[in-house]
Each structure stands twice: as C-alpha cells, then as structure tokens.
Amino acid sequence: MPVHPEICKIERSFDSVAQEAATDAVADINVTPIRDPAAPQRTLMKGQQTRAAILDAALGLAANMGLEGLSIGALAEVTQMSKSGVFAHFGSREELQISVVREYHSKFEEEVFFPAMREGRGLPRLKALFERWVRRVSAELDSGCIYISGAVEFDDRPGPVRDALASMVQAWQSALDRAVRMAIEEGHLQPDTDPLQLVFELHGLILALHHDARFLRNPGALDRVRTAFERLVGHYATPAGLHVLNAAPRAAARPARKARG
C-alpha cells in the first residue's frame with residue numbers, strides 16, 4: 001500500500017531530529033516516548049471519514065445498479081480499496097445494503113423533510129413537503145430513486161434489507177400523514193378528509209412522475225405532477241385552504257378553485 005505523502009514528511013522530520021541528537025549526544029540516554037492523547041480520536045475520525053466515503057460510493061452504485069448491484073468487490077474496485085478494507089467497515093453485503101438504505105433516508109430527510117418543517121403548519125408545509133419530494137425525484141432521473149427501485153427489487157423478498165427499506169418508506173409516509181392531519185386542524189382541509197387516502201394519492205403522483213419522466217422521458221411530467229397536486233389538494237381544501245394554495249407562486253397562473261360541497 002503506498003505511503004501517504006504527509007507520513008513521509010513526518011518520517012523525514014523524525015530522521016533529521018534523530019541525526020542531530022546523535023551528533024550532540026555524549027552519553028546513552030533512555031528516553032520514554034510521550035503518547036499523543038489525541039491519536040485515538042484522529043484514528044476514529046479517519047475511520048468515520050473512510051466509512052462515509054465508502055457509503056457515498058455505494059449510494060452511487062445503488063442508484064445506478066440497484067441495491068442488488070452492490071457487492072463488497074464492486075465497491076472495493078470503485079473506491080480503490082481492498083476487499084478486506086471495505087469488509088472491515090460493514091462486515092457483510094447485507095449490512096452494506098442496509099447502511100446504504102439508512103444513508104439514503106438520511107439524505108432524503110436533509111433535502112426534503114427538514115427544510116419543509118420550516119414552513120407554516122397546514123397546507124404551506126404539506127405543499128413544501130411535496131414540492132421538495134418532486135425536486136428530489138427529478139434530480140434522480142438519470143440514476144433512480146432507491147425507495148422506488150428498492151421496492152421493485154425487494155417486494156417479494158423478506159429479510160432485513162426489505163425490512164429496513166419498508167421502515168424508511170413508512171416513516172416518510174407517516175410524516176406526510178401528520179402534515180395532512182395538521183392541515184385539517186388548521187382548517188385548510190375539509191374535516192372529513194381521510195389522511196391515509198390523501199397520502200396514498202400523493203404517493204401515486206410521485207410514482208407517475210417517476211414513470212413518465214424517467215421511463216418515457218416526457219418533458220412535461222414535472223408540470224403535470226404539480227398541476228395534479230393542486231387539483232388533488234384543491235378537492236379536499238376549505239375556502240381558507242384554497243386561499244393558501246392559490247397564494248403560492250406557480251410557473252403559470254391557475255384559475256381559483258371552488259371549495260368542495
């Protein structure tokens with residue numbers, strides 16, 4: 001394994017000091033080396049950085065080849081590490097797959113969930129959640145959404161990887177469900193709105209977007225999914241909710257909608 005340049009520099013420095021000491025020495029002196037208290041922490045940080053780099057490469061592989069395309073060997077080749085080096089961080093191919101699912105979910109939260117939480121309760125937050133979800137899917141068109149591709153790969157394959165994937169998707173759907181319930185509490189959606197039904201329909205819009213934009217390469221898919229969202233939510237909205245919905249900026253002006261019933 002090649003020696004890091006910084007290590008070579010440190011070794012040369014130690015050699016220089018040793019030669020000077022030997023020249024000036026008049027007697028043999030036993031010196032007890034001083035242990036660096038920060039060394040274990042630096043080692044830990046380096047290990048964490050290496051693991052993060054491996055996970056980042058694994059996410060790229062999984063996005064293009066699916067979770068089943070992941071292997072210790074393929075990842076070692078991409079990261080230019082030894083198989084034993086990759087294996088030391090994950091232990092098994094299954095653990096690697098689960099770690100990738102968790103990392104994908106973490107990035108999804110950072111890009112979609114947490115920013116949307118800064119919006120006001122009710123429809124502003126629900127709209128932000130959906131819009132950021134759309135942006136995330138549209139950014140993955142050249143690779144693929146691990147939530148969607150993973151569901152195809154593991155829908156009939158019970159086990160820890162499927163469990164991890166399903167748990168992450170269910171956590172996201174639960175967040176949408178809470179946002180819908182808050183919109184009802186805020187008076188933005190009709191009191192008889194079924195949160196589970198609305199979440200089901202929102203998820204369906206994302207699947208349609210992924211299909212038409214990624215598979216059919218339909219250039220109008222993004223505009224259609226946003227129009228579909230407004231039409232869908234408008235069906236459940238109260239007059240106050242319609243005001244909130246129509247107040248948000250859109251690429252093209254839409255006529256105001258009438259409240260249901």
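Values for this structure:
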quantity: Residue ID - farthest from PHE113 (Cα to Cα), chosen from residues in the range 156-178 that are without any contact (Cβ under 8 Å) to a residue 24 or more places away in the chain and open to solvent by less than 90 Å² (accessible area, probe 1.4 Å); calculated: ARG162
quantity: ARG136 assigned to a helix (DSSP H, G or I), more than 30 Å from HIS188 (Cα to Cα) and either at pLDDT 95 or above or charged (D, E, K, R) (or both); calculated: no
quantity: Near pairs, Cβ below 8 angstrom, 6+ apart or cross-chain, from the range 206-219 (more than 23 Å from LYS127 (Cβ to Cβ) and in contact (Cβ under 8 Å) with a residue 40 or more places away in the chain) to any residue that is of a type outside the set (Phe, Trp, Tyr) and surrounded by 14 or more Cβ atoms within 10 Å (Cβ to Cβ); calculated: ARG214/LEU141; ARG214/GLY144
quantity: Residue in the range 217-235 that is within 30 Å of ASP142 (Cβ to Cβ) and among the hydroxyl-bearing types (Ser, Thr, Tyr) present; calculated: yes
quantity: Members of the range 188-214 that are closer than 16 Å to LEU245 by Cα and open to solvent by 30 Å² or more (accessible area, probe 1.4 Å); calculated: GLN190
quantity: Test: residue in the range 21-42 that is of a type in the set (A, V, I, L, M), at pLDDT 85 or above and open to solvent by less than 40 Å² (accessible area, probe 1.4 Å); calculated: no
quantity: Conditions (1) farther than 30 Å from VAL244 by Cα; (2) in contact with a strand residue (DSSP E or B) (Cβ under 9 Å, 6 or more places away or on another chain); number of the one not met by LEU126; calculated: (1)
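The values are calculated or read from the model by the stated rules, or taken from the named source; none is laboratory data. Only a predicted model underlies this, so the values are computations on that prediction, with no experimental measurement involved. Virtual Cβ from ideal backbone geometry, glycine too; neighbours counted across all protein chains shown. Surface areas here come from the heavy atoms of the whole protein model, side chains and all, with no ligands, DNA or RNA. Shrake-Rupley method; radii C 1.70, N 1.55, O 1.52, S 1.80 Å.
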